[in-house]
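Read-outs throughout are calculated quantities, based only on the coordinates presented, and are distinct from any laboratory measurement. The structure presented is a predicted model; accordingly, all values stated were derived computationally and were not measured. Counting neighbours? That spans all protein chains shown, and the Cβs are built from the backbone with ideal geometry, glycine included.
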Amino acid sequence: MNSTDKIAFIGGGNMASAIIGGLRSSGRPAEHLIVVEPSAEQRERLAAEHGVAALAAPGETLAGTATVVWAVKPQLFTAAAAPCAAFVGGALQLSVMAGIGSDAIARATGSERVVRSMPNTPALIGRGIAGLYARPGVSAEERERVVALLKPTGASVWVDREADLDAVTALSGSGPAYVFYFVEAMVDAAEAMGLSAEQGKQLALATFAGATELAQRSSEPPQVLRERVTSKGGTTYAALSAMERDGIKTAFVRAMQAAQQRARELGDEFGR
């Protein structure tokens, strides 16, 4: 195995498992992947599902690793990084942790080659999207390596400023919860109008999936697509007018700004 192929995951939770599963499905050999995971149950699951070596603690096996993926809970990062630093300082550092800034990662690992990623939960089924930020020490080739590593989990978008990851967190990181919230409301409305919860769920989920796919395939902006299905005096017009009267769009924007602010606060708490 070439050392440039070796990827170590520090933490073996859901996001790490999603990335590992994607890499394995795309043909990456299990021997190229190492996981450090203190939970015996998680180690057994990773070995059973993906065939990868899962270690209880870091050691010499990490030496020569090309890329390290930090996937521990933010509050555990400092303790997790300390025993790893001696082995992984020469690697490209990719973080999928919320709240831990690249300065903190650079200090803890001794590497200026740090990429931060803000993924979202649809990565678990290969339909996620991740916001990416790279420190100046990251080369163009290493950026490409990160995109290729994350590609099996979905799409990616680079931002120029690290602070913009807070906005990414508010928009797409937390975004799946907003969709589930609106689906929940549509199911409630379906029941109030006489349909069953199952019928409401089926209709709501298909509507979100279809509308999203239509928007992705269309060159028209969302506003134009909305206007095309909103005949003045019709049913859609009545619904959207009610939403406007209730200030839904304004409240929604405020909600995402609140999420952005909380992301900033978490960053300050865990370490920029």
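Assorted remarks:
- Prolate/oblate/rounded call for segment 3-165, Cα gyration tensor, a/c under 1.5 rounded: rounded
- Placing pseudo-labels 7 Å out from each Cα toward the beta carbon at Ala192 and Gln223 gives an inter-label distance of 2.9 nm.
- Each DSSP beta bridge with both residues in the chain is either parallel or antiparallel, and the antiparallel ones are about 15%.
- Cβ-based charge dipole, segment 175-267, positive-most Cα from Ala197, Ala209, Ser219: Ser219
- Each Lys or Arg adds one and each Asp or Glu subtracts one; over the other residues with Cβ under 11 Å from the Cβ of Met97, this totals +2.
- Under a 5 Å amide H cut-off, with hydrogens placed 1.01 Å from N, Gly154 pairs with Gly128 among residues at least 5 apart or on other chains.
- Look at the Cα gyration tensor of segment 193-272: its axes a ≥ b ≥ c give a/c of at least 1.5 with a/b over b/c, and that counts as prolate.
- Ranking Tyr133, Gly110, Ser17 by how far each Cα lies toward the positive end of the dipole of the chain (charges on Cβ) leaves Tyr133 at the top.
- Build a GNM of the chain with springs between Cα atoms under 10 Å apart, and of Phe77, Phe87, Phe208 the one that fluctuates most is Phe208.
- Using alpha-carbon coordinates, inclination of helix 40-50 to the longest axis of the chain, degrees: 80
- Dividing the summed -39500 (n - 2.57) terms of all DSSP H runs of n ≥ 4 by the residue count of the chain sets its mean residue ellipticity at 222 nm at -15500 deg cm²/dmol.
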